[in-house]
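Student: There's a structure below that I have some questions on.
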Amino acid sequence: MRLNVRQSKLARQRQISARGAPSACAIDTAKLTRLYRQHLAECADDYLRMHSGNAAVIARHVAAARLYKPYIGMRILDWGCKHGVDAFFVRAMLGDGVILDGCDFDPPERYASFYRAACMDYMQLRHPWDLPYADGVFDTVIASGVIEHVPQTAESLKELWRVLQTDGHLVVTFLPNRRSYTEWLSRRTGGLRHLKLF
């Protein structure tokens, strides 16, 4: 059984490599910056204003995407995607050869321009952890800065396990660390901080 799992993973990675998709260097951060500006010109969005004004933050997201690129399969869920910045990077790196889904609690029209830019199918969630997807449908689930915000961590992880294929990958990025210097500093200075640390 283990040998078959390894073979299917290798076969999927070969499929991805054979697609002739753009390299990670093709990520168009200027296009993303334009999307941020356009959205903020049309409506006041404090979340986007806080996350878009810093080139270093965008660079960190790009660096993370390049690190998890080898673990991306054919069908991907950007779980807790907000405006879908990770889906945007996956699309830029892998082109049309992947199927991208995203889900969060925001109404679909709030970040529609970002979802279109990523060519992502977005679904608004109605339950704190239940996901409206079939068992084993995703090769990869991206959880970027999400797990620390869910009300029931264990229940959410069970759901992610359920929707992932047996040999799929859960990619967790930007998870607040108990030993993080920035978390410690935020707590000392009264800045923004996460309630859950891992």
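Student: Starting from 0.36 nm per residue, how many nanometres of slack lie between L175 and D106 once their C-alpha separation is accounted for?
Tutor: Result for the pair: 22.7 nm of gain on full extension.
Student: Which cross-chain or sequence-distant (5 or more) residues have an amide H under 5 Å from the amide H of D28, H modelled 1.01 Å from N in plane?
Tutor: Here the answer is none, since no amide H 5 or more places off falls under 5 Å of that of D28.
Student: Got a number for carbon plus sulfur as a percent of the stretch 50-114's accessible area, 1.4 Å probe?
Tutor: 61 percent
Student: Convex hull over the alpha-carbon atoms of the stretch 83-196: what's its volume per residue in Å³? Write down the numbers at each step before the final one.
Tutor: On the way: hull volume 15.1 nm³, N = 114.
That works out to 132 Å³ per residue.
Student: Still on this model: In terms of modelled amide H atoms, which long-range or inter-chain residues lie less than 5 Å from the amide H of G73?
Tutor: T140
Student: If you don't mind, another one. So if I average 1/r over every pair of distinct C-alpha atoms in the stretch 69-108 and take the inverse, what Kirkwood radius in Å does that give?
Tutor: 10.4 Å
Student: Write down the Kirkwood hydrodynamic radius of the stretch 24-113, to one decimal in angstroms, obtained as one divided by the mean of 1/r over all alpha carbon pairs. The partial results should precede the final answer.
Tutor: Working: mean 1/r = 0.0728 Å⁻¹.
By the Kirkwood definition, the hydrodynamic radius is 13.7 Å.
Student: Using modelled amide H (1.01 Å from N, peptide plane; none on Pro or chain starts), what sits under 5 Å from the amide H of D78, excluding residues fewer than 5 places away?
Tutor: D101, G102, C103, I142
Student: For the stretch 146-159, in order, what is each residue's ³J(HN,Hα) by Karplus, 6.51 cos²θ - 1.76 cosθ + 1.60 with θ = phi - 60°, in whole Hz (x at glycine and Pro)?
Tutor: 3J(HN,Hα) across the stretch 146-159, in whole Hz: 10, 4, 5, 9, 7, x, 10, 4, 4, 5, 5, 5, 4, 5.
Student: Where does the charge balance sit around C43 when Lys and Arg score +1, Asp and Glu -1, over other residues with C-beta under 14 Å from its C-beta?
Tutor: -2
The values are calculated or read from the model by the stated rules, or taken from the named source; none is laboratory data. Note that the structure is predicted; figures quoted are calculated from it, not measured. Backbone-built Cβ (ideal geometry, glycine too); neighbour counts: all protein chains shown. Areas reflect the complete protein model, heavy atoms only, side chains present, ligands, DNA and RNA absent. Shrake-Rupley method; radii C 1.70, N 1.55, O 1.52, S 1.80 Å.
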